[in-house]
Amino acid sequence: MAYNIAFNAGALFRDLNNQLKAALASALEQTAQNARNEWQEAAYRARGISQDYRDRYASSIQLTVDRNTLTARIWSDDPMATPIETGMPARDMKLALNTSEKVRVAKNGPHAGQRYLIIPMRANTPGNNALAPAMPRAIYKQAQELSKSTVRGMIPMRSGLNASDVRTRGPLMTMRSSYNWGGRLDGPDVPKRFKGMYRFETSSGGQTSSQFLRFRVMGEWSTGWIQPARPGQFLVKGVAEHAKDMLQYNVSNAIASAAGR
């Protein structure tokens with residue numbers, strides 16, 4: 001009779017392999033979720049971008065994780081991502097005079113026959129300087145005391161594009177706002193960029209707040225109106241580099257945890 005001792009580590013290896021794969025999948029998922037959260041936070045904090053665009057960009061960031069193949073993908077297909085990530089070149093805003101249905105034509109004065117647009121310019125309140133410097137608190141206090149202006153309604157206006165409506169074959173018409181004007185910010189102590197500002201009340205749910213606007217004329221004769229180039233913020237690049245470090249750290253912990261069971 002032969003006596004022997006035999007070992008078979010196959011079952012142990014399979015068990016260890018399953019534990020390791022589960023640990024790696026958890027590490028991958030945790031890293032991907034953290035990276036997505038970090039990317040969204042970066043989008044919310046993007047400089048020089050309006051809140052609406054930041055919110056839209058952040059909400060567009062999606063995540064898929066495949067635990068079987070140990071792969072994860074985080075992506076955004078929002079068109080706004082490109083100018084935020086890689087920047088925008090300088091832009092001549094007066095080109096809108098060639099395309100906007102809201103364009104008007106001056107009837108009298110030195111610019112008769114020339115096209116123009118009336119552009120509402122929003123002034124930031126203290127603490128909100130994402131797109132431009134906020135109002136000084138002294139100016140904000142004066143603006144809050146203005147009697148409110150309201151939008152009375154919309155009235156039809158013939159577009160200054162000198163185009164025809166494809167449906168009616170008549171002159172192209174558009175709508176413009178009409179206002180009940182309240183107080184107007186003015187005075188020798190008011191900086192030029194805040195002169196002529198109005199206070200409009202805005203409501204959201206049960207809360208009432210104010211919006212401060214001044215109206216500028218952009219005409220064919222106007223100088224300036226060049227939007228400066230905006231550099232890219234490369235949010236994805238920074239998040240991706242950090243995610244690689246996070247993945248290495250989380251995978252190392254996962255391997256150590258699986259091996260120590």
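Consider segment 35-53. How many of its residues are within 18 Å of Val239 (Cα to Cα), assigned to a helix (DSSP H, G or I), free of Cβ contacts under 8 Å to residues at least 40 places away in the same chain and not aromatic (Phe, Trp, Tyr)? Explain how you work it out, then say what you get.
To start, the set of residues in segment 35-53 that are within 18 Å of Val239 (Cα to Cα) comprises 35-47.
Now narrow it down to the ones that are assigned to a helix (DSSP H, G or I): 35-44.
Narrowing the set further to residues that are free of Cβ contacts under 8 Å to residues at least 40 places away in the same chain leaves 36-37, 40-41, 44.
Keeping just the survivors that are not aromatic (Phe, Trp, Tyr) gives 36-37, 40-41.
Of the residues in segment 35-53, 4 are within 18 Å of Val239 (Cα to Cα), assigned to a helix (DSSP H, G or I), free of Cβ contacts under 8 Å to residues at least 40 places away in the same chain and not aromatic (Phe, Trp, Tyr).
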Cross-chain or 6+ apart pairs with Cβ under 7 Å, segment 229-244 first and touching a residue at least 60 places away in the same chain (Cβ under 8 Å), then exposed (fewer than 11 other Cβ atoms within 10 Å of the Cβ) = Ala229/Pro89; Ala229/Ala90
Mind checking whether some residue in segment 142-149 is in contact (Cβ under 8 Å) with a residue 24 or more places away in the chain, surrounded by 14 or more Cβ atoms within 10 Å (Cβ to Cβ), out of contact with any strand residue (DSSP E or B) (no Cβ under 6 Å at 6 or more places or on another chain) and not β-branched (Val, Ile, Thr)?
-> yes
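Residues of segment 166-187 being out of contact with any Ser or Thr (no Cβ under 9 Å at 6 or more places or on another chain) and modelled with pLDDT under 90, which ones? Break it down stepwise before answering.
If we filter segment 166-187 for residues that are out of contact with any Ser or Thr (no Cβ under 9 Å at 6 or more places or on another chain), which is where we start, we get 166-169, 175-178, 185-187.
Residues satisfying the conditions are Val166, Arg167, Thr168, Arg169, Gly187.
Taking the condition outside any loop (DSSP other than H, G, I, E, B) and either in the same structural domain as Glu41 (by TED's automatic domain parsing) or of a type in the set (Lys, Arg) (or both), does Glu241 pass?
Numbers: outside any loop (DSSP other than H, G, I, E, B): yes; either in the same structural domain as Glu41 (by TED's automatic domain parsing) or of a type in the set (Lys, Arg) (or both): yes.
Taking the combined requirement at face value, the residue satisfies it.
Which residue out of Ala22, Ala27, Ala42 is closer than 18 Å to Trp75 by Cβ and either touching a strand residue (DSSP E or B) at 6+ places or on another chain (Cβ under 6 Å) or among the small types (Gly, Ala, Ser) (or both)?
Working: Ala22 fails: closer than 18 Å to Trp75 by Cβ; Ala27 fails: closer than 18 Å to Trp75 by Cβ.
Selected residue: Ala42, the only one of Ala22, Ala27, Ala42 that is closer than 18 Å to Trp75 by Cβ and either touching a strand residue (DSSP E or B) at 6+ places or on another chain (Cβ under 6 Å) or among the small types (Gly, Ala, Ser) (or both).
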For the subset of segment 58-78 comprising residues that are assigned to a loop (DSSP other than H, G, I, E, B) and modelled with pLDDT of 90 or more, which member is surrounded by the fewest Cβ atoms within 10 Å (Cβ to Cβ)?
-> Asp77
Single unsatisfied condition, Ser209 versus (1) in contact (Cβ under 8 Å) with a residue 24 or more places away in the chain; (2) under 23 Å from Tyr53 (Cα atoms) | (1)
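Could you check, for segment 88-105, whether at least one of its residues is within 25 Å of Gly127 (Cα to Cα) and surrounded by 11 or more Cβ atoms within 10 Å (Cβ to Cβ)?
Applying the first criterion (within 25 Å of Gly127 (Cα to Cα)) to segment 88-105 yields none.
The answer is no; no qualifying residue exists.
The values are calculated or read from the model by the stated rules, or taken from the named source; none is laboratory data. From a predicted model like this one, the values you see are computed outputs, not experimental measurements. With ideal geometry, Cβ positions are generated from the backbone for all residues, glycine too; neighbour counts draw on all protein chains shown.
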